[in-house]
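To start, the structure itself, in structure tokens.
The values are calculated or read from the model by the stated rules, or taken from the named source; none is laboratory data. Here the structure is a predicted model, which means the values were calculated and not measured. Ideal geometry is used to build each Cβ from the backbone, glycine not excepted, and the neighbour counts take in all protein chains shown. For the accessible areas, the whole protein counts, side chains as well, though only heavy atoms, and no ligand, DNA or RNA atoms are used. Shrake-Rupley method; radii C 1.70, N 1.55, O 1.52, S 1.80 Å.
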Amino acid sequence: MRDDLQGLKISQYELQKLTNLPVNEELLIITNPLKTLAKIYIQKLKSSEGATVVFIGFSTFVFVYILFDIIIKFFVTWITIPSWILLIILGLWVGGLTQTILYLIWKTRNKIVKTNMTKSLQILLNEVNRYNTVIRVIDINDQIEEAGNPEVVIKEREGVIEALKLTKNDLVRALKTEKILRENKSFILGNTELFVNNLATLTAMQVTEQATEHGRLLNEALQIALDVQHEMKKLQTQR
């Protein structure tokens, strides 16, 4: 990703901090980290460090197995099944228990989001997704350009980046405003007369595609993305 795109994306951590809700959380599957570790291990095996990696991996496995076998023989003498079978069963049980706990945590946090979700927040989350998609499209286009395809270069890039910066500022401001209104809803409803003027102003700040400066800028950026997509299709047709 080029330097001018760095920091423009609204990350999940930043979004959760702005909304004070665990939004856009995905269920963690414990096999995914294991697959990642396996890929790293295989890559190491193919490198010049292959022999060292094999030795360390095998030594670690043997050490863990011997330690487990000693614990079983000295402290759980009533178990008669082979320790290696017990190790497999224990591993599967721990894995299943861990995945169940992760699911319950994810379900609880997802329920918190649904309980606190408002129409305004849903609109804002959709706008954030569109905004991040534009940045991703521009990043992919940059990679295609750097691969030797100058015809897909983005014209007026500085203007597009500036528009994205303004869009992000608008989105952040709107998310902060929505959080304040949502978390103080009961008090505001109980003191409507004190907030009537301020609420009129804040309502005008609500992010909608037609009514805000951010909407206009985002639409311009989306048009850029469509142009990029068109150029990519032309490039594929030429080849």
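To the nearest 10 Å², what's residue 73's accessible area with a 1.4 Å probe? Roughly 130 Å² of residue 73 is accessible to a 1.4 Å probe. If the cut-off is a Cα-Cα distance under 25 Å, which lysines reach residue 179, setting aside same-chain residues fewer than 8 apart in sequence? Within the straight-line limit of under 25 Å, residue 179 reaches these lysines: 9, 17, 107, 111, 114, 119, 165, 168. Counted by Cβ distance under 10 Å from residue 162, the other residues give a net charge of -1, where Lys and Arg count +1 and Asp and Glu count -1. Accessible surface for residue 97 stands near 80 Å², nearest 10, in the context of the full protein assembly shown (1.4 Å probe). Of the solvent-accessible surface of the stretch 51-202, computed with a 1.4 Å probe over protein heavy atoms with every protein chain present, carbon and sulfur atoms account for 68 percent. If you sort 120, 83 by accessible surface, 1.4 Å probe, largest first, the order is 120, 83. Heavy atoms of the protein chains alone define the surface here; on that basis the stretch 1-141 has 71 Å² accessible area per residue at 1.4 Å probe size.
The largest accessible area among 106, 93 belongs to the first residue in 93, 106, and the rest follow in falling order (1.4 Å probe, all chains). In the complete set of protein chains, residue-level accessible area for residue 4 is approximately 60 Å², probe 1.4 angstrom.
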